[in-house]
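Visitor: One structure, pasted below without further comment.
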Amino acid sequence: MAVFQRLFLTSGILWLAVPCLHAGQQDAKTSDQVSYYKDIRPIFQLHCQGCHQPAKAQGGFVMTGYAELFKKGDHDIPGVMVGQPAKSMILTQITSQNGKPPAMPRGKDPLNAHEVDLITRWVAQGARDDTPASARDVLVDMDHPPVYQLPPVITSVAYSPDGSLLAVAGYHEILLHKSDGSGLVARLVGLSERVQSLAFSPDGKWLAATGGNPGRFGEVQIWDVAKKKLKLSLPVTFDTVYGASWSRDGTKLAFGCADNSLRAIDAATGKQILFQGGHGDWVLDTVFSKDDSHLVSVSRDMSMKLTEVVTQRLVDNITSITPGALKGGLMAVDRHPTKDDLLIGGSDGAPKIYQMYRTKARQIGDDFNLIRKFPAMTGRVFAVKYNKDGSRIIAGSSYNGKGEVHIYQAADGKLVTKLEGVKSAMYAVAFRPDGAQVASAGFDGAVRLNDANNGKLIREFVPCPLTATPVAAAGRR
């Protein structure tokens, strides 16, 4: 029987006619075939690649590429032996041996029975690679750093607490520069194509990054700043993650996710210690309260929410929940250095300061927690920061490919200065700890260092090396 498909339009209803197959006619082998790209690769990304990647090859074994799966690690046994699941090291590590729990993933819950069955069947069926040619990744790791033809869009910048370093988000990497822009110190290359946020720990020993590969996986990274080595890589969700923030004591790291959740982990182990799913859209930024007892999150759902850390309980909507009170989503939040005042920026272009805790019963239509509203900037505000003593704020905005960066007095909202040299949409801003200099960056891929008092441009530089040679690696993201 010839195979065909035909569309019929009957009484306004569209019908799809397909040939009937006799029982047993369907190819059972095809329907049972396990796909590396669709079935196995996501399992490895979620459970294994955090500890088995070029930047952190525990056990001498890497699982980020298909070819690496067949190599030997410290156990001197191939990870995968085609057609022989029982002799494949990956299978022996994720299954119970001699009555003992599975050895991997270390420190986490074992893979479920379905996941183990998929991997077992894939190896038994020949461990074929069915990755589409269009999805095959160019090798990018510490030994093969990204090659740029154009500067990448910069989504985050952060100064180290001592003011000596400036971290800049690149493609697949964090670019560590001297804070005066005079030289590149290190390139921290990881799994994530996108690096969405950067945050130094309060003591400056660690640098956290959130990001991932859009529509594939999210990742939280923690780097040892002195050693320039990856301490922790935690795959989480199936899309990029945002808004990293440290607790004051440096033991917890919070972040937001595109699955509408707010999460926090133990920074030493990566164990999740908080999950709050009360937002109705992507959670784009987070910050801890002054005493670490609460977490604040902002979202595209036009709300700023307060969550108690110990109980993981959603306590309050800090912003008004009255329809129309907030116009558009919120992109960024920062806390005053010495008190629980919250600076936010979002789609309406007007930075605002709110008090964290409600001291009056909520009334319909109120926005009681609002302390101050700053003059509206052009477009959306994508980034906001306090300076070290909380006396000033900086905000960066974007509209139709153009941007602005303004510095205001926090106490009365008076404009201090507008930064010179801004040429494109601005997505990242930061005060140097001494307050004398600010960094900003965005769509055009240039980092600008300006005087915080008069806005004068001090230095402008592209944070990554550029090449004129055509390459298949990263350019503009």
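Visitor: Is it the case, given these coordinates, that GLY345 is closer than 27 Å to ASP239 by Cα and in the same structural domain as ALA410 (by TED's automatic domain parsing)? Spell out how you get there, then give the answer.
Guide: Working: closer than 27 Å to ASP239 by Cα: yes; in the same structural domain as ALA410 (by TED's automatic domain parsing): yes.
Against the criterion (closer than 27 Å to ASP239 by Cα and in the same structural domain as ALA410 (by TED's automatic domain parsing)), GLY345 qualifies.
Visitor: Taking the conditions exactly as written (crowded, with 20+ Cβ neighbours inside 10 Å, of a type in the set (A, V, I, L, M, F, W, C) and either within 23 Å of SER156 (Cβ to Cβ) or in contact (Cβ under 8 Å) with a residue 40 or more places away in the chain (or both)), does LEU415 satisfy them or not?
Guide: Details: crowded, with 20+ Cβ neighbours inside 10 Å: no; of a type in the set (A, V, I, L, M, F, W, C): yes; either within 23 Å of SER156 (Cβ to Cβ) or in contact (Cβ under 8 Å) with a residue 40 or more places away in the chain (or both): yes.
Here the answer is no, as LEU415 does not meet what is asked.
Visitor: Would you confirm whether any residue within the stretch 226-244 is buried (at least 23 other Cβ atoms within 10 Å of the Cβ), more than 28 Å from LEU139 (Cβ to Cβ) and in contact with a strand residue (DSSP E or B) (Cβ under 6 Å, 6 or more places away or on another chain)?
Guide: Yes, there is a match, as at least one residue in the stretch 226-244 is buried (at least 23 other Cβ atoms within 10 Å of the Cβ), more than 28 Å from LEU139 (Cβ to Cβ) and in contact with a strand residue (DSSP E or B) (Cβ under 6 Å, 6 or more places away or on another chain).
Visitor: Another question, then. β-branched (Val, Ile, Thr) and at pLDDT below 95: which single residue out of VAL422, VAL405, VAL429, VAL471 fits that description?
Guide: On the way: VAL422 fails: at pLDDT below 95; VAL405 fails: at pLDDT below 95; VAL429 fails: at pLDDT below 95.
VAL471 is the lone residue from the list that is β-branched (Val, Ile, Thr) and at pLDDT below 95.
Visitor: While we're looking at this one, here's another question. Test PHE443 against the stated conditions and say whether it is aromatic (Phe, Trp, Tyr), in the same structural domain as VAL283 (by TED's automatic domain parsing), touching a residue at least 24 places away in the same chain (Cβ under 8 Å) and surrounded by 21 or more Cβ atoms within 10 Å (Cβ to Cβ).
Guide: Details: aromatic (Phe, Trp, Tyr): yes; in the same structural domain as VAL283 (by TED's automatic domain parsing): yes; touching a residue at least 24 places away in the same chain (Cβ under 8 Å): yes; surrounded by 21 or more Cβ atoms within 10 Å (Cβ to Cβ): no.
When the stated conditions are applied, PHE443 does not pass them.
Visitor: Take the residues of the stretch 71-83 that are more than 18 Å from GLN45 (Cβ to Cβ) and touching a residue at least 40 places away in the same chain (Cβ under 8 Å): which is farthest from the chain's Cα centre (by Cα)?
Guide: Looking at residues that are more than 18 Å from GLN45 (Cβ to Cβ) and touching a residue at least 40 places away in the same chain (Cβ under 8 Å), I get GLY83.
Visitor: Still on this structure, please answer the following. Quick check on this structure: which one of LEU191, LEU184, LEU166, LEU150 is in the same structural domain as ALA428 (by TED's automatic domain parsing), surrounded by fewer than 18 Cβ atoms within 10 Å (Cβ to Cβ) and either more than 23 Å from PHE443 (Cβ to Cβ) or not polar (S, T, N, Q) (or both)? Break it down stepwise before answering.
Guide: Numbers: LEU191 fails: surrounded by fewer than 18 Cβ atoms within 10 Å (Cβ to Cβ); LEU166 fails: surrounded by fewer than 18 Cβ atoms within 10 Å (Cβ to Cβ); LEU150 fails: in the same structural domain as ALA428 (by TED's automatic domain parsing).
After ruling out the rest, the residue left standing is LEU184.
Visitor: Checking ILE222 against (1) in contact with a Leu (Cβ under 6 Å, 6 or more places away or on another chain); (2) assigned to a loop (DSSP other than H, G, I, E, B); (3) over 26 Å from ASN450 (Cβ atoms): exactly one of these is not met. Which one?
Guide: ILE222 satisfies every listed condition except (2).
Visitor: Right, next: Taking the condition of being more than 15 Å from MET426 (Cα to Cα), surrounded by fewer than 23 Cβ atoms within 10 Å (Cβ to Cβ) and of a type outside the set (S, T, N, Q), how many residues in the stretch 390-407 meet it? Walk me through how you get there before you give the answer.
Guide: Taking the stretch 390-407 as the starting set, the residues that turn out to be more than 15 Å from MET426 (Cα to Cα) are 390-393.
Next, from what is left, pick out any that are surrounded by fewer than 23 Cβ atoms within 10 Å (Cβ to Cβ): 390-392.
From what's left, of a type outside the set (S, T, N, Q): 390, 392.
So the answer is 2.
Visitor: Listed residues THR131, THR95; which is touching a residue at least 12 places away in the same chain (Cβ under 8 Å), under 25 Å from the mean Cα position of the chain (by Cα) and either in the same structural domain as GLN53 (by TED's automatic domain parsing) or surrounded by 14 or more Cβ atoms within 10 Å (Cβ to Cβ) (or both)? Let's see the steps before the verdict.
Guide: Numbers: THR95 fails: under 25 Å from the mean Cα position of the chain (by Cα).
Exactly one of THR131, THR95 is touching a residue at least 12 places away in the same chain (Cβ under 8 Å), under 25 Å from the mean Cα position of the chain (by Cα) and either in the same structural domain as GLN53 (by TED's automatic domain parsing) or surrounded by 14 or more Cβ atoms within 10 Å (Cβ to Cβ) (or both), namely THR131.
Visitor: Still on this structure: Any idea which of THR120, THR155 is outside any loop (DSSP other than H, G, I, E, B), of a type in the set (Ser, Thr, Tyr) and buried (at least 18 other Cβ atoms within 10 Å of the Cβ)?
Guide: Numbers: THR155 fails: outside any loop (DSSP other than H, G, I, E, B).
So the residue among THR120, THR155 that is outside any loop (DSSP other than H, G, I, E, B), of a type in the set (Ser, Thr, Tyr) and buried (at least 18 other Cβ atoms within 10 Å of the Cβ) is THR120.
Visitor: For the stretch 248-264, enumerate the residues that are part of a strand (DSSP E or B) and either surrounded by fewer than 21 Cβ atoms within 10 Å (Cβ to Cβ) or not assigned by TED's automatic domain parsing to the domain that holds PRO161 (or both).
Guide: Taking the stretch 248-264 first, the residues part of a strand (DSSP E or B) are 252-257, 262-264.
LYS252, the sole residue that qualifies.
Yes/no matrix, rows are residues, columns are (1) closer than 20 Å to ALA395 by Cβ; (2) part of a loop (DSSP other than H, G, I, E, B):
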residue: PHE275; (1), (2): no, no
residue: SER297; (1), (2): yes, no
residue: LEU306; (1), (2): no, no
residue: VAL315; (1), (2): no, no
residue: LYS339; (1), (2): yes, yes
residue: ALA350; (1), (2): yes, yes
residue: TYR357; (1), (2): no, yes
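The values are calculated or read from the model by the stated rules, or taken from the named source; none is laboratory data. What you see is a predicted model; the values in this text were computed from it and never measured. Methodologically, a virtual Cβ is constructed for each residue, glycine included, from the backbone with ideal geometry; neighbour enumeration extends over all protein chains shown.
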